[in-house]
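First comes the structure, then the notes that go with it.
The values are calculated or read from the model by the stated rules, or taken from the named source; none is laboratory data. Treat the numbers as computed from the prediction; the structure is a model and nothing was measured. No Cβ is skipped: glycine too gets one built from the backbone with ideal geometry, and neighbour counts run over all protein chains shown. Calculation scope for accessible area: heavy atoms of the full protein, side chains included, ligands and nucleic acids excluded. Shrake-Rupley method; radii C 1.70, N 1.55, O 1.52, S 1.80 Å.
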Amino acid sequence: MIRRQFLLSALALAMSLSLPAVTRADDKPTVIRIGVASVGTGNRPVFGGSSVALANVKGVLEEEFKADGIKIEWNFFKGAGPAVNEAVANKLIDFAWQGDLPSLIGKAGGLKTRLLIADGTRGTAYLAVPADSTAKSIDDLKGRKVALFKGTNAQLVVAKVLDARGGLSERDFKSINMDSATTQAAIATKDIDAGWFGAEVYGLVDRGIARIVYTTKGQAPNLARQTHFLVTEDFEKKYPQLTQRVVTALVKQAAWASDDKNREQVLQQWSKSGVPYSAWKQDYDGTPLRVRLSPLFDDYFVQHYRDALALSKKFKLVRGDVDIDAWLEPKYQRQALRDLKLESYWPDNDAKGAPKK
C-alpha cells in the first residue's frame, strides 16, 4: 500500500514538473526586440534602403502582433554592426538588420544567430572628396586622410576594391574610423581628404559640398554591400511560430517594395531617414527594385557570403570560421513564399549574380 502511494506521489510530482514546460511552449513574449545597424540623420529612429526599413516606418510588424498584445521594440544603433553584435551578445535583442562583415565577425566570435532573409542587397559604395579637391581617383588619395566606418559592410567592400587595384590596402592611406554623420561633417569642413559613403553621398553632391571620385555602381556584383535580417538562436528555438510570422510579414512587405510601380512611394518613405529622396533616387537609378530588395537565399547570396568570409579572413577582418550553409535558415522564407504564392516573384540568380535561364 505504501509502495503504491509512493508511486502515485512520484507520478503526480513528475506530472506537475512537466506542466510548466507545456505552459512555456505555449507562452509568448511581451515584446519582440529588433536591432538596426543604422540610424537616421540626427539620430532619428528611421532608416532606409531595405524592406525592413519600410516595415519599420509603416508599422507592419506592430500590426501583425497587435492582437497578440506583443509590443515591437526597435533599437537603432549609431555604432552600426559592431554595436548590434554587442546587443546580441548581451541578449538585448531578438532580431537584427545588419551587414555581412559585422555579422560574420559576430558569428565567428561565437554569437548564436541564424540568417532569415536577404534584405537590401547589392548596395553601392562611393568614395567622395570635397568639391574643390584636386583628387580625381583612388590613387590620388594615397597617403591622405580617408574616412571609413570600420567594422561595417563598407569596410569589406573597400578592402576588395583596394586589393583589386594592385594590392592596395588601408595602410596606403591615413585611414580614419568615422561613422557616416561624422564623415559628412568632416567632408564639409575639409578635415578629411575623402570618405566612403552609401546613398547619403548624393545629399552632399547635390549641395555642392562633395564630388564622387569612385563608385562600385555598375561594377561586378561581388563588390556590392550586402545586408540581411537575422534572428538569435534562443528566440528562434523558443518561438518558431512567431519567427515564421515575422519572416512572412517581411517577405510580404518586400514583395510590395519590389514592385517598381511603388518605386516613388518606397523612395519617399526612405527619405524619412533624413537621406533626401533625390539621393535614394540617384542611388537606385537604373536598378530594378526587385533586384535590390530580393529576400532570397539564391546562389548569388550564398556565394557572396562564402566569398565574404574567405576575403575577411584574408584581410584579417575575421579570425574565426563560419559554416555558411549551417548559418542560413531558409525554411521560414520558403514557407512565406509558399503561403504568399511568391515562389517565382524574384529572380533566381546564379553565383555570379546573373538571372538563371
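Tabulated values for the structure
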quantity: Unique residue being more than 26 Å from Ala83 (Cβ to Cβ) and either at pLDDT below 95 or aliphatic (A, V, I, L, M) (or both) when the list is Arg207, Arg165, Arg144, Arg211; calculated: Arg165
quantity: Test result for Leu317, touching a residue at least 60 places away in the same chain (Cβ under 8 Å), in contact with a helix residue (DSSP H, G or I) (Cβ under 9 Å, 6 or more places away or on another chain) and under 21 Å from Arg114 (Cβ atoms); calculated: no
quantity: Filtered residues of the range 81-98 (kept if within 24 Å of His304 (Cβ to Cβ) and open to solvent by 10 Å² or more (accessible area, probe 1.4 Å)); calculated: Pro82, Ala83, Asn85, Val88, Trp97
quantity: Residue in the range 328-340 that is more than 29 Å from Pro240 (Cβ to Cβ) and either over 18 Å from the mean Cα position of the chain (by Cα) or not in a helix (DSSP H, G or I) (or both) present; calculated: no
quantity: Yes/no for Ala10 being surrounded by fewer than 21 Cβ atoms within 10 Å (Cβ to Cβ), modelled with pLDDT under 95 and over 30 Å from Asn222 (Cβ atoms); calculated: yes
quantity: Pairs where the first residue, in the range 333-352, is free of Cβ contacts under 8 Å to residues at least 24 places away in the same chain and the second is open to solvent by less than 50 Å² (accessible area, probe 1.4 Å), C-beta under 7 Å, 6+ apart; calculated: Glu343/Leu337
quantity: Residue count, the range 327-357 (criterion: in contact with a strand residue (DSSP E or B) (Cβ under 9 Å, 6 or more places away or on another chain) and open to solvent by 50 Å² or more (accessible area, probe 1.4 Å)); calculated: 3
quantity: Residues of the range 50-71 classified as open to solvent by less than 20 Å² (accessible area, probe 1.4 Å) and in contact with a strand residue (DSSP E or B) (Cβ under 7 Å, 6 or more places away or on another chain), total; calculated: 5
quantity: Selection count where residues are within 22 Å of Asp299 (Cα to Cα) and either of a type outside the set (Val, Ile, Thr) or at pLDDT below 95 (or both), scope the range 216-256; calculated: 17
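The rows are residues; the columns are (1) under 18 Å from Arg122 (Cα atoms); (2) polar (S, T, N, Q); (3) touching a Leu at 6+ places or on another chain (Cβ under 8 Å); (4) crowded, with 19+ Cβ neighbours inside 10 Å.
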{"site": "Val246", "(1), (2), (3), (4)": "no, no, yes, yes"}
{"site": "Pro288", "(1), (2), (3), (4)": "yes, no, no, no"}
{"site": "Asp299", "(1), (2), (3), (4)": "yes, no, no, no"}
{"site": "His304", "(1), (2), (3), (4)": "yes, no, no, yes"}
{"site": "Leu309", "(1), (2), (3), (4)": "yes, no, yes, yes"}
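Listed here are the residues, each with its yes/no results for (1) under 17 Å from Leu54 (Cα atoms); (2) polar (S, T, N, Q); (3) open to solvent by 50 Å² or more (accessible area, probe 1.4 Å).
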| site | (1), (2), (3) |
| --- | --- |
| Thr227 | yes, yes, no |
| Ala255 | yes, no, no |
| Tyr284 | yes, no, no |
| Asp325 | no, no, yes |
